[in-house]
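*Asks:* Below is a structure I'd like to ask you about.
The values are calculated or read from the model by the stated rules, or taken from the named source; none is laboratory data. The shown structure was predicted, so the numbers you read here are calculated from the model rather than taken from an experiment. Ideal geometry is used to build each Cβ from the backbone, glycine not excepted, and the neighbour counts take in all protein chains shown.
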Amino acid sequence: MKTNDTSRREFISATLLAGLAVTGCSSGKNPFEPDAATIETVKPSGEMIKLLSVDGEVIEVDKAFLKPVPSLPQVSNELARQGIPGKKFVMVIDLSRCKSLKKCQSACNHMHSIHPGQNWIKVYPQHEAEHTAPYWQPTTCMHCDEPPCVKVCPVDATFKRQDGIVLIDSDRCIGCRFCMAACPYSTRVFNWEDLDLPKEIADKPYSCETSVPQKKGTVGKCDFCPDMARKGELPHCVSACPNGVFMFGDMNEDVVTNGSETFRFSDLVRDKAGYRLMEDLGTKPSVYYLPPVNRNFPFENKEEKEENKKS
Amino acid sequence: MESLAKEQIIKDLLPQKFGKAGKIWVGILLAFCTLGVIAYILQLKNGLVVTAMRDYVSWGIYISNFVFFVAISLVGSLITAVLRLTQAKWSTPLTRIAEIIAVSAITFASIIIVVDMGRPDRFYNLFIHGRLQSPIVWDVIVITTYFFVSILLLYFPLLPDMSIMMQRKDQTGMLWLNKLYAYLGKFWKNTAAQIHISEKAINILSITIIPVAFAIHTVTSWLFATTYRPGWDSTNFGAYFISGAFLVGAGAVVVAMFVFRKAYHLENYIKDDHFDKMGKVLVLLALLYLYFNVNEFLVPAFKMKKSEEEHLMGLFTGEFAYVFWFAISTAMLIPIFILIQKKGRKPLPAFIAGLLVVIGSWFKRYLIVTPTLLHPFLPMHDVPESYKHYFPTWQEWAIAMGSLAGALLVVTFFARIFPIIPIQETITEIEEHEQA
Amino acid sequence: MNKHSKIFFTAILLQLLAITAFSQAEKNDLSLSISYFNSNNHIQYLVAHAKSKIDGKFQMIPNINLSFYIGTEDAANLLGKAVSNDKGDALLFIPPNAKDEWKKAAKVSFVIVSQKTKAFDEAKGNVDITKAKIQIDTLADKKITATLLELKDTIWTPVKAVDMKFAIKRLDADLNVAETPTYATDSLGVASADFKRDSLPGDSKGNLILIAKVEDNDTYGNLSSEKIVPWGKPITYYTEFGKRTLFARRGKSPIWLELLAYSIVLAVWGVLIYLIGQIKKMKKLGLN
């Protein structure tokens, strides 16, 4: 990966510093990201597009470097297994803001065409002890740094990438469900039957990064939307939450955002006493929770009330 | 006198054709197998949704059947190896019964595990993409190894009997059987050199099979013990499983002993004394298993950790209480009570005790797999109601019973083709006994 | 009779009117908005947003065909077409054919027109922007200044009292340089801020991309200007990826596991192969 030579890097930086008065951003490097440590997330596609610059000049830019990114080609299986270098994705969930609207759930289910009835995000009504606070806890896959699911997979169908994301390769999975038994967070679901998807979704070429379409007889789970991360966009649950409960970012950049608010990750978790679920198990999850202090909404468990009405 | 006795022995021990009872037995087993195959075809077509397994109870009776089969297969190492190495000569008639039960069980363990897979069409991925870090891969390696060791341990003592069978060509009844015997053992001439090699090989195998047998069930127990779940997160599991395996294997041998003795009139070879001795072995193993159960349940119950409390109370007094106490009593308590008395170690009561052990052990394996899955760390939520319970569907029962029937069928057919009691070894032993 | 037929006719007419009014009332109004983005004084693009008030709530409308125009709604001024996505947004980078219209004056307008659908009639939206740019600069002690200039005829003049944001560019979003949300430009068009994010991880040399931006301004649209500053901490990151662990990929298991497993397998299978050799030996002895 570190095959970029320094001289070219410095040339590009100099060009940027000059204020981009020059035309000709048609080099093979992404002019919108400085050097190799935050190494290109996007490779030049080779497809050049002509645009009108702010100065009224006609310029040519590689399509892949445009932000917002119009579209990206799918990555190969090998690249999907390696992940985006230099990044360590992390999520912060603010429990004081969650009202169990479940917009996160419906967005995730919709975008990944999950079997009806199953959810990759579960929103638990938690009340650990009689005198402790009741609160809603949205739970995604923890993308653990010591993932018990990856340890037990016999065929390398679930794997941990260098950017911290744990993915599932539905083309490799044999459906033994050992990973489901091993996960203490109950976050994995199984495709027990054929999903009966509409044609345009079923015909999409499968990639571990999009996790669409899901396949019968294989396991599925939250994937931190790596296809969105490659484009520099937020996972669907993060954008869908109207209360800004989910925050997503790169720990190596020390920043998390929920789309409208951006925070320095280390400050946020330290100042608000963030914690991780089941820390004592040693799984080293990548999802941090901010305790439900100064709740934005009172805790109302409508589901429980309905159940009590029924019984 | 000697040659007459020898002839008598051979005549008694030759495989016999199926009588009426035998044919009905085979018919029933075939019916179960066919039903199992039909159910499996439906499962292949529609997916595992035809079972009652869902996201929480993601392992059901297929896996408990798998553990049950692996457990029973350990009997090969117990009877054939351990008793042989400790010079317990009385066990000689039982070695082949034990060994064929072991081979049949381990075969069907592999079959039922493929049945449980969501994508059996990708089975080869285990070999071309296998990860050495995964306990499943360890299990595949050990099961394959154990299978081959057991086959060899079945084969070597079978060789002398093959030449006896070939000499009695007209009495076997089926022409292709003669070809089979010839293929397997034509070269056996009962020479001193061959006997020497064979005996050495059997000794080596008897020694080798013991660590392999320990490995196989320890690794199977690690499919559960390497997870965090309450009920599975136990350091006790390896020893707990192995003691349970020896118990159910011994119980299966007692049942088989009784059935073969009755069906083939082998009263002179499987004597009352054998039931007495196997009964004592069974009591010992049951007490050992009870000891491990006490460790497995009472110690966490003393602490009542939050995650384990729901699980343990579910077993002791909750939704699994009936099955739990049924399993404990039929697998351990009642058989101990029966077999501890001298009268209890007669053939019929011993057979009943053995049968109880086998049935109780099957439910014990179910209790190992399912209740833990219904008590996850995070409460069951955001799932359809059906996900929160588990009772196997008819397809699951059909396939599970079909696999059990298939295992029994293999044993039955084996006894039809090969002498179920080693002929040559019996003759040798009687000759040695008379000379002494 | 005449009077009756008149009443009769009127009644029918009213019915027809009611029916047409009713069917028209079924169609909700689509409201379109268009925003202009200037990215680092280099790339410019337009984002159109389609929404409609349904049942009292605003909903984002996907799958609307939108046509972008510069200046007036003429075919010659068509910039391009796009379809609104799930969030009701459509994006268009300004293409070269807008050059002449763009260079005409300091003020430019963009028009968005939606195609008529079953649920919605044709709708229009527009935005008028005055060309402006931000010039960003840094001083000692990690001070940042940015000047906002607008184009008046052909002269760039400073603009005062406009809110600007200063941030560091990150993967999905921008982290503001200090807790203050915005900084207003003074009479010289200059806004300044202090960089307060100490030890923020940068690239391998500690470089960060500083960005000054004006967001959602009625006159100027969205502007931004970027500069690379060496105020970050050189990044160090650690990953277990590629190391031998229990959760690594196939072929990267810990050494002790591989040694243990292979030695056990070799030992046992060695015995088995030896025994198969013994069978062959017995065969030879027997068949002689």
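*Asks:* How many of the residues in region C:174-198 are buried (at least 19 other Cβ atoms within 10 Å of the Cβ) and either more than 22 Å from A:S260 (Cα to Cα) or modelled with pLDDT under 85 (or both)?
*Replies:* So in region C:174-198, the residues buried (at least 19 other Cβ atoms within 10 Å of the Cβ) come out as C:174-177, C:183, C:185, C:189, C:191, C:193, C:195, C:197.
Those left that are additionally either more than 22 Å from A:S260 (Cα to Cα) or modelled with pLDDT under 85 (or both): C:185, C:189, C:191.
The number of residues fulfilling the criteria is 3.
*Asks:* If we keep just the residues of region C:214-229 that are more than 13 Å from every other protein chain (Cβ to nearest Cβ) and over 12 Å from C:I134 (Cα atoms), which is surrounded by the most Cβ atoms within 10 Å (Cβ to Cβ)? Break it down stepwise before answering.
*Replies:* Step one: list which residues in region C:214-229 are more than 13 Å from every other protein chain (Cβ to nearest Cβ), which gives C:214, C:217-219.
Adding the requirement that they be over 12 Å from C:I134 (Cα atoms) leaves C:217-219.
On the way: C:N217: 20, C:D218: 9, C:T219: 13.
Step by step, filter region C:214-229, then rank; the result is C:N217.
*Asks:* For C:L287, which of the numbered conditions (1) over 30 Å from C:T145 (Cα atoms); (2) within 8 Å of another protein chain (Cβ to nearest Cβ); (3) surrounded by 15 or more Cβ atoms within 10 Å (Cβ to Cβ); (4) not β-branched (V, I, T) fails to hold?
*Replies:* If we test C:L287 against (1) over 30 Å from C:T145 (Cα atoms); (2) within 8 Å of another protein chain (Cβ to nearest Cβ); (3) surrounded by 15 or more Cβ atoms within 10 Å (Cβ to Cβ); (4) not β-branched (V, I, T), just (3) comes out false.
*Asks:* Sticking with this one: Suppose we keep only residues that are more than 7 Å from chain B (Cβ to nearest Cβ) and among the charged types (D, E, K, R) within region C:269-284. Which one would you say is farthest from B:L159 (Cα to Cα)?
*Replies:* So the residue we want is C:K284.
*Asks:* Among the listed residues B:F214, B:F224, identify the single one that is among the aromatic types (F, W, Y), surrounded by fewer than 19 Cβ atoms within 10 Å (Cβ to Cβ), at pLDDT 90 or above and within 20 Å of the chain's Cα centre (by Cα).
*Replies:* B:F214
*Asks:* Okay, next question. Confirm whether B:Y264 is at pLDDT 95 or above and more than 20 Å from the chain's Cα centre (by Cα).
*Replies:* Taking the combined requirement at face value, the residue does not satisfy it.
*Asks:* Considering only residues of region C:240-263 that are in contact with a Lys or Arg (Cβ under 6 Å, 6 or more places away or on another chain) and crowded, with 17+ Cβ neighbours inside 10 Å, which is farthest from the other protein chains (Cβ to nearest Cβ)?
*Replies:* C:K252
*Asks:* For C:L266, indicate whether it is within 14 Å of chain B (Cβ to nearest Cβ), over 30 Å from C:A173 (Cα atoms) and in contact with a helix residue (DSSP H, G or I) (Cβ under 6 Å, 6 or more places away or on another chain).
*Replies:* When the stated conditions are applied, C:L266 does not pass them.
*Asks:* Quick one: count up the residues across region C:193-233 that are under 24 Å from A:F265 (Cβ atoms) and of a type in the set (F, W, Y).
*Replies:* 2
*Asks:* Another question, if that's okay. State whether one or more residues within region A:268-284 are modelled with pLDDT of 90 or more, surrounded by fewer than 19 Cβ atoms within 10 Å (Cβ to Cβ) and touching a Lys or Arg at 6+ places or on another chain (Cβ under 7 Å).
*Replies:* For region A:268-284, residues modelled with pLDDT of 90 or more, surrounded by fewer than 19 Cβ atoms within 10 Å (Cβ to Cβ) and touching a Lys or Arg at 6+ places or on another chain (Cβ under 7 Å): absent.
*Asks:* When region B:159-205 is examined, which residues are found to be away from chain C (no Cβ under 14 Å), over 19 Å from B:I421 (Cβ atoms) and outside any helix (DSSP H, G or I)?
*Replies:* Matches in region B:159-205: B:M174 only.
*Asks:* Please go through region A:236-263 and pick out each residue that is surrounded by fewer than 24 Cβ atoms within 10 Å (Cβ to Cβ) and in a strand (DSSP E or B).
*Replies:* A:T257, A:T262, A:F263
*Asks:* Here is a further query. Of all strands (runs of 3 or more DSSP E) completely enclosed by region A:77-176, which ones contain at least 2 residues that are over 27 Å from A:D254 (Cα atoms)?
*Replies:* Counting at least 2 such residues, we get A:122-126.
*Asks:* Of the conditions (1) under 19 Å from the mean Cα position of the chain (by Cα); (2) within 12 Å of chain B (Cβ to nearest Cβ), A:D94 clears all except one; give me its number.
*Replies:* A:D94 satisfies every listed condition except (2).
*Asks:* Does C:V214 satisfy the condition of being farther than 25 Å from A:T257 by Cβ, in contact (Cβ under 8 Å) with a residue 24 or more places away in the chain, of a type outside the set (F, W, Y) and assigned by TED's automatic domain parsing to the domain that holds C:E150?
*Replies:* No; evaluated as a whole, the condition is false for this residue.
*Asks:* When you go through (1) in contact with a strand residue (DSSP E or B) (Cβ under 9 Å, 6 or more places away or on another chain); (2) farther than 25 Å from A:G259 by Cβ; (3) among the hydroxyl-bearing types (S, T, Y) one by one for C:S224, which number turns out not to apply?
*Replies:* Result: C:S224 fails condition (2) only.
*Asks:* Kindly check whether there is at least one residue in region A:129-149 that is closer than 30 Å to A:P242 by Cα, at the interface with chain B (Cβ under 9 Å from one of its Cβ atoms) and surrounded by fewer than 21 Cβ atoms within 10 Å (Cβ to Cβ).
*Replies:* Yes; the residues of region A:129-149 include at least one that is closer than 30 Å to A:P242 by Cα, at the interface with chain B (Cβ under 9 Å from one of its Cβ atoms) and surrounded by fewer than 21 Cβ atoms within 10 Å (Cβ to Cβ).
*Asks:* When the residues of region C:112-145 are filtered to those that are more than 13 Å from chain A (Cβ to nearest Cβ) and within 21 Å of C:I209 (Cα to Cα), which remaining residue is surrounded by the fewest Cβ atoms within 10 Å (Cβ to Cβ)?
*Replies:* My answer is C:A140.
*Asks:* For region C:230-239, does any single residue satisfy the condition of being polar (S, T, N, Q), within 14 Å of chain B (Cβ to nearest Cβ) and within 30 Å of A:K160 (Cα to Cα)?
*Replies:* Of region C:230-239, the ones polar (S, T, N, Q) are C:236, C:239.
From the residues that got through so far, the ones that are within 14 Å of chain B (Cβ to nearest Cβ) too are none.
Checked region C:230-239: no residue is polar (S, T, N, Q), within 14 Å of chain B (Cβ to nearest Cβ) and within 30 Å of A:K160 (Cα to Cα).
*Asks:* Could you check region B:38-79 and list, in sequence order, the residues that are more than 10 Å from chain A (Cβ to nearest Cβ), buried (at least 23 other Cβ atoms within 10 Å of the Cβ) and closer than 13 Å to B:T220 by Cβ?
*Replies:* B:N65, B:F66, B:V67, B:F68, B:F69, B:V70, B:A71, B:I72, B:S73, B:L74
*Asks:* Pick from C:A76, C:A11, C:A25, C:A18: which is surrounded by fewer than 12 Cβ atoms within 10 Å (Cβ to Cβ), in a helix (DSSP H, G or I), at pLDDT 80 or above and not assigned by TED's automatic domain parsing to the domain that holds C:I211?
*Replies:* Being surrounded by fewer than 12 Cβ atoms within 10 Å (Cβ to Cβ), in a helix (DSSP H, G or I), at pLDDT 80 or above and not assigned by TED's automatic domain parsing to the domain that holds C:I211 holds for just one of C:A76, C:A11, C:A25, C:A18, which is C:A76.
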